[in-house]
1. Are there GluC sites (Glu not before Pro) in the chain that DSSP puts in a loop and that have at most 13 other Cβ atoms within 10 Å, and which ones?
2. If I fit a long axis through the Cα atoms of helix 17-32 and take the longest principal axis of the Cα atoms of the chain, what angle between them do I get, 0 to 90°, rounded to 10?
3. Can you send over the carbon and sulfur percentage of the accessible area for the chain, probe radius 1.4 Å, protein chains only?
4. On a 0 to 90° scale, report how tilted helix 37-54 is relative to the longest principal axis of the chain, with both axes built from alpha carbons and the result rounded to the nearest 10.
5. So, R0 is 22 Å and r is the distance between the beta-carbons of Asp36 and His14; what FRET efficiency does that work out to, to 0.05?
6. Calculated FRET efficiency, Thr4 and Arg55, Cβ-Cβ r, R0 25 Å, to nearest 0.05?
7. Just to be sure I understand, if you calculate Cα Rg over 2.2 N^0.38 Å for this structure, which of [x] 1.29; [y] 1.01; [z] 0.91 do you get?
8. Using helices alone, I'd like the mean residue ellipticity at 222 nm for the chain: each DSSP H run of four-plus residues gives -39500 (n - 2.57), total over residue count, nearest 500.
Amino acid sequence: MPWTVERPPAAMTHLPWPVREKAVEVANALLGRGRDEGQAIRIAIAVAWRWARRRGLA
């Protein structure tokens with residue numbers, strides 16, 4: 001079952017809303033490509049923070 005912004009993995013609950021939205025989007029995409037959950041979560045959080053910094057959101 002894919003994660004949602006309202007029901008993200010526990011590691012994403014502390015993220016600010018825009019970062020969490022992006023992290024959930026990336027994590028779901030990674031899961032769809034066969035990554036395991038732990039790896040998908042770690043990669044997605046890193047990608048989301050980088051995305052937010054580039055847009056001045058973090």
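1. Passing both the DSSP loop test and the Cβ count: Glu6.
2. So the helix axis and the longest Cα principal axis differ by about 30 degrees.
3. Carbon and sulfur together cover 52 percent of it.
4. Approximately 20 degrees, to the nearest ten.
5. For R0 = 22 Å, the calculated efficiency reads 0.55.
6. Working: r = 22 Å, r/R0 = 0.87.
Approximately 0.70, to the nearest 0.05.
7. From the options [x] 1.29; [y] 1.01; [z] 0.91, the structure gives [y].
8. Values: 2 runs with 34 residues, N = 58.
One gets -19500 deg cm²/dmol as the mean residue ellipticity at 222 nm.
The values are calculated or read from the model by the stated rules, or taken from the named source; none is laboratory data. Since this is a predicted model, take the numbers as computed values, not measurements. No Cβ is skipped: glycine too gets one built from the backbone with ideal geometry, and neighbour counts run over all protein chains shown. Areas reflect the complete protein model, heavy atoms only, side chains present, ligands, DNA and RNA absent. Shrake-Rupley method; radii C 1.70, N 1.55, O 1.52, S 1.80 Å.
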